[in-house]
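The values are calculated or read from the model by the stated rules, or taken from the named source; none is laboratory data. Just so we're clear, the structure is a prediction, and the values are computed from it rather than from any experiment. Using ideal geometry, Cβ is built from the backbone for each residue, glycine included, and neighbour counts are taken over all protein chains shown. Note: accessible area is taken over every heavy atom of the protein model, side chains too, but ligands, DNA and RNA are not part of it. Shrake-Rupley method; radii C 1.70, N 1.55, O 1.52, S 1.80 Å.
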Amino acid sequence: MSDAIKHECGIALIRLLKPLSYYQEKYGTPYYGINKLYLLMEKQHNRGQDGAGIATIKFDVKPGNRYISRYRAMGSSAVSEIFEYVQKKFAAVNKAYPEESKDTQWLKDNVSFTGEVLLGHLRYGTHGKNSIESCHPFLRQNNWMSRNLVVAGNFNMTNVDELLQQLYDLGQHPKEQADTVTVLEKIGHFLDEENQKLFDQFKQEGLSNIEISAQIAKNLDVAKILTRSAKTWDGGYTIAGIFGHGDAFVMRDPAGIRPAFYYQDDEILVVASERPVIQTAFNVPLGSVKEIKPGHALIAKKDGTVTEEMFRQPVEQKSCSFERIYFSRGSDADIYQERKALGKLLIPQVLKSIDKDIKNTVFSFIPNTAEVSYYGMMDGVNEYVRACQKDALLNRADKISDEELNDVLEMSPRFEKLNVKDAKLRTFITQDADRQDMVQHVYDTTYGIVRDHEDTIVAIDDSIVRGTTLKQSILTILDRLNPKKIVIVSSAPQIRYPDCYGIDMSRMSEFVAFEAAISLLRKNGLAHVIDEVYQKCLASVTLPSEQVENYVKAIYEPFTDDQISQEIGRIIKPHHLKADVDVIFQTLDNLHIACPNHKGDWYFSGDYPTPGGNKVVNRAYMNWMEGKNVRAYFSS
């Protein structure tokens, strides 16, 4: 993606289903769990570079000894920092106690991070606030083992105000206005209630307090706690949690917006945000990794029983299509094919733009995540060329001349890597004029391929958000090659609306498609629509979420997709550019053809999967009208 956006945290949960001694004997290490957690997190590094954290819980620890360990770090190297810290502890123990360190029970009794349940989190902050306190996992501590709670997740809630009010009504006083706090405290509240109910029940049966603690841990109804906690949540979420005595869960929102995959055998249960990382870390086949169903929680009881239970009624599945286009790693078998399909489906639009002049066109891509869709575009171009050759050779009424035959056989598309991103260059200069000059050099280009004023360059990007990098860097660099035309192709449709479920796209001013639509309204004497939409948004502020519509759709309604694309091309074209510029976007229909199982497209279509989404888009529009450069929702 030429315009970088923050997005999509990642989670990893491991539940060891055998005693630690089993892994020592079979794999030669008592640190099997923590080593696998490192692999899962490192392989998901793409999902979070603001910070990371891990937590582990030990089973059956004697009173007075720690059973919860947690460590968090900030920055892009947080994963390495965390596991270096843990490995140094292990190395020191091995050196100081060489014999004892071979005894898994001694390790469990004396060394942190040697538990049976391990939870990891990679953070991409969408609140602007980046401190160690913002890094997951979060702890809710208590002297009762079964009341302790560890939580980490990939989520954003759209109705934080409402959730906070519910906590106030319960008599709580949360320390900050963030969805992580509301989630932690909501689950914690119903965990406390369930504990108290069971305590009263077993007390009436005459059990001692020590006996009651064991019975509570055994009989906690995890699904019931989650059902009560999530009753009023509006958002996209995959949330993992562990109770202090050892029960663990991973819950997924009813629309399946956020991803969650798991694998289980007789040794281990593992959950992660992406499927290939499980396959790689545990060397298991594609078919053995399953997806947690929307509205369901995968629950691992302390006794090793694993069930998938519904905590909220699922709704129409709207899994995030941006996961497929950009966020998740392309090493997933399905995602790889989907991204190729996205590139291939653009061919009719590309051929129209270049007037089918394959001979004088150079096809390329904007590094690095658009490479797979580029392969799909290559397949589509090659198919078109073969079809042309077949038609010329087989369907001609007259005999083909030698010269014409040579022309047909030499019809060969030109696929080249024109852009190379300079990973070493950092735009640290703060003065705008100087910084803009530096931005122009973030990408290098390959010279000697494009013929001056003869060739058209077609460059595919996976999506276009702001268009800033295109305008300030990529188009200028490509123009130095003296093409007659530059065609920028987006494998995603026009991004028109904010996301409120985990992607940091929350301001209307961030979208070049919105800028284009506003420009067209003003040019075509329709500026009154801008204020009419604002008034409708204002009037909806006090309405219940279920009654609110996405009024911002009216901004785009007077124009076709092509008209908006043409205006985007005008906006992103620098004044000094000599070449013509054309911008092509994927269609919604083709997006759904390429990604049939991930129909969450609200940032393109404005069709939000939860009622809170409509409130967020209207608030984002009001913020834009009022000149407020703030997010339209609270988050972590």
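Structure data summary
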| quantity | calculated |
| --- | --- |
| Relative contact order for the stretch 25-100, counting Cα pairs under 8 Å that sit 6 or more residues apart, in percent | 27 percent |
| Evaluated at q = 0.09 Å⁻¹: base-10 log I(q)/I(0), Debye formula over Cα of the chain | -0.81 |
| Charge dipole magnitude, Cβ of K and R +1, D and E -1 - the chain, Cα centre, debye nearest 20 | 1200 debye |
| Segment Asn110-Thr468, length gained on full extension (0.36 nm per residue, minus Cα span) | 123.5 nm |
| Prolate/oblate/rounded call for the stretch 73-118, Cα gyration tensor, a/c under 1.5 rounded | oblate |
| Antiparallel DSSP beta bridges within the chain, as percent of all bridges there, nearest 5 | 75 percent |
| Accessible surface of the stretch 271-379, 1.4 Å probe, proportion on carbon and sulfur as whole % | 49 percent |
| Theoretical FRET efficiency, 1/(1+(r/R0)^6), r = Cβ-Cβ of Leu139 and Val385, R0 60 Å, to 0.05 | 0.50 |
| Fraction of accessible area attributable to carbon and sulfur, the stretch 1-149 (%, probe 1.4 Å) | 48 percent |
| If the convex hull is drawn through the Cα atoms of the stretch 44-111, its volume per residue in Å³ | 103 Å³ |
| Listed residues His453, His245 arranged by accessible area, highest first, probe 1.4 Å | His453, His245 |
| Theoretical gain in end-to-end length, Ser208 to Lys536 [0.36 nm per residue, Cα-Cα removed] | 111.9 nm |
| Angle between the chain longest axis and helix 561-572 axis [Cα atoms, degrees, rounded to 10] | 90 degrees |
| Rounded to the nearest 20 debye, dipole of the stretch 471-550 from Cβ charges on Lys, Arg, Asp, Glu | 620 debye |
| Selected from Ala230, Asn142, Leu526, residue furthest toward positive end of dipole (the chain; charges at beta carbon) | Asn142 |
| Tilt relative to the chain, helix 333-344 - C-alpha long axis, 0 to 90 degrees, to 10 | 20 degrees |
| Full-extension gain in nm, Asp444 to Ser77, via 0.36 nm per residue minus C-alpha separation | 129.5 nm |
| The chain - accessible surface per residue (Å², probe 1.4 Å) | 43 Å² |
| Centre separation in Å (Cα based) which lies between the stretch 263-286 and the stretch 531-574 | 43 Å |
| Global geometry of the stretch 327-374, whether rounded, prolate or oblate, following the gyration tensor of its Cα atoms and the 1.5 cut on a/c | prolate |
| Protection proxy ranking of 541-550, 467-476, 349-358 - average other beta-carbon atoms within 10 Å, highest first | 467-476, 349-358, 541-550 |
| Cα gyration tensor shape of the stretch 140-223, rounded if a/c is under 1.5, else prolate or oblate by comparing a/b with b/c | prolate |
| Residues of type lysines that Lys218 reaches as a straight line, Cα spacing below 24 Å, ignoring anything fewer than 8 places off in the same chain | Lys18, Lys58, Lys62, Lys108, Lys186, Lys197, Lys203, Lys301, Lys302 |
| Pairwise label distance in nanometres, Gln547 with His453, each label 7 Å out on the Cα-Cβ vector | 6.5 nm |
| Alpha-carbon centroids, the stretch 343-374 and the stretch 214-232: separation in whole Å | 53 Å |
| Sites excluded, chymotrypsin sites (Phe, Trp or Tyr not before Pro) in DSSP loops with at most 13 other C-beta within 10 Å, longest stretch of the chain | 1-427 |
| Computed over the stretch 252-316, the ratio Rg/Rh where both radii use C-alpha atoms and Rh is Kirkwood | 0.98 |
| Calculated SAXS-style log₁₀ I(q)/I(0) at q = 0.17, 0.18, 0.20 Å⁻¹ - the stretch 521-636, Debye, Cα scatterers | -1.06, -1.13, -1.24 |
| Per residue, the convex hull volume that the Cα atoms of the stretch 315-397 enclose (Å³) | 142 Å³ |
| Whole-Å distance, taken between Cα centres, linking the stretch 84-120 and the stretch 245-260 | 29 Å |
| Solvent-free Debye scattering, log10 I(q)/I(0), computed from the Cα coordinates of the stretch 467-516 at q = 0.15, 0.17, 0.18, 0.32 Å⁻¹ | -0.54, -0.66, -0.71, -1.22 |
| Asn597 paired with Ser412, simple spin-label distance in nm, labels 7 Å along Cα-to-beta-carbon | 3.9 nm |
| Label point distance in nm, Lys88-Glu193, each placed 7 Å from Cα along Cα→Cβ | 4.5 nm |
| Sites Asp398 and Lys356, calculated FRET efficiency, Cβ-Cβ separation with R0 25 Å, nearest 0.05 | 0.70 |
